[in-house]
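K.L.:
Here's a structure for you.
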């Protein structure tokens, strides 16, 4: 398997074109500065499409957007002793019918096995966008995973919730998303609560799918959510309060699973970075 390492030079960490890369998964590593004690790991899972065996390339927007998010998050995470790993799938598609299970789950389990050998005795959080959010929710029950942050997750009406049993998850969805369904992510969150998952879910009014608007708020959800789930920073108050709710106390329409992040007042907006 291929493993790339982080460099300050942009061209050193982007994924090469398909001709130079065999169709197999790889990890790009953003390591904490030398001498910084390791406190946790975040594995980031990018989006894709329903069916495609084409390899992931640097021009693919779903990978590129997650790479930008990983790079921004790693600046803060590294100073706190958190390693960030960006998975590149072996193919662009979910490809549910191409094997015994969807391709991103095979690649995700490979990545988790790689990281369990590389980083021992530290917590690990999954962060996924779109198809990657779906994969993160499906992998929530894997050994060593201590939490999930799912951004605009592609969750179907029949999406299983059993992998989330007993897990902690933070979901966020733009209400103008036309690629994945905010209604389905709300329904999934409610069903996950019914199997004892702790779920906090946030809605961004007027925001679409690709996280190119209100970038600071998407980044803030990742930063505050992932660092809180790792135990490196306190959980945002709204997340902790949502986790404390039981299914019986949640309203039929989702109630506390429909918190707003419209102006950052929920404590999830990432402060402006000055370095």
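We did not get these values from a lab; they are worked out from the coordinates using the rules stated. This structure is a prediction, so every number in the text was calculated from the model and none was measured. Don't worry about glycine lacking a Cβ; one is built from the backbone with ideal geometry, like all the others, and counts go over all protein chains shown.
K.L.:
What is the distance in Å between the Cα centroid of segment 222-237 and that of segment 148-195?
P.N.:
A separation of 19 Å, based on Cα centres.
K.L.:
Something else now. Could you work out how much longer the chain between residue 243 and residue 156 gets when fully extended? Use 0.36 nm per residue separation minus the Cα distance between them, nm to one decimal.
P.N.:
Value of the extension gain: 29.0 nm.
K.L.:
What nm distance separates the two modelled labels at residue 101 and residue 213, each placed 7 Å from Cα along Cα→Cβ?
P.N.:
3.7
K.L.:
What fraction of the DSSP beta bridges in segment 2-260 is antiparallel, stated in percent and rounded to the nearest 5?
P.N.:
Close to 10 percent.
K.L.:
How high is the FRET efficiency between residue 37 and residue 118 when r is their beta carbon distance and R₀ equals 22 Å, given to the nearest 0.05?
P.N.:
About 0.90, to the nearest 0.05.
K.L.:
Here's something else I'd like to know. At 25 °C and a viscosity of 0.890 mPa s, what translational diffusion coefficient does Stokes-Einstein give for segment 50-201, taking Rh as the Kirkwood radius over Cα pairs? Give it in µm²/s as a whole number.
P.N.:
D = 154 µm²/s.
K.L.:
Over segment 2-260, what is the relative contact order in whole percent, taking alpha-carbon pairs under 8 Å and six or more residues apart?
P.N.:
Value for segment 2-260: 16 percent.
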